[in-house]
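Shown next, in structure tokens, is the structure this report addresses.
Please treat every number below as a calculation from the coordinates, not as lab data. Everything numeric here is computed off the predicted structure, so don't read it as measured data. Positions of Cβ are backbone-derived with ideal geometry, glycine not excepted, and every protein chain shown enters the neighbour counts.
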Amino acid sequence: EAVGNAIRHGNATSVDIAVLDSGVDLVGLVIADNGNGMAPDAAPGIGSDLFTSLAYDWSCDSSPQGTTVTADLTWSPAAIPQDSPHRRGRAAPQVTAAPANPGNPGRSGESAPGKHAS
């Protein structure tokens, strides 16, 4: 996702990927590009959700000279603290449905007739 975003949105011509030993049971991942960086008002998207759900810890630094995403990924479930939201088997997060949007059926919580909510 980070590589795709660098190319699609940041107009990067170069993306470097490094895999590092971050310590016991952790693997470091660094993805750095030379793109335009993220807009200051950019909302978090699927990439942020992906890293939050899969990484033990992660960060993103962006400037007009490029973006660097750094993540520590677990090599072993034992590396994840018991109280971490990233531990498998944790309780599902609370989900609040968005209010219906009558002007745009099928979005924000309701399906249009004949369509299935996804």
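Counting only other residues whose beta carbon sits under 10 Å from that of VAL27, what net charge do I get with K and R as +1, D and E as -1?
-3
At what distance in nm do the modelled label points of ALA18 and SER63 sit from each other, each positioned 7 Å from its Cα along Cα→Cβ?
1.6 nm
Could you give the nm distance between label points at LEU54 and ASP41, where each point is 7 Å from its Cα heading toward the beta carbon?
About 3.1 nm separates the two model spin labels.
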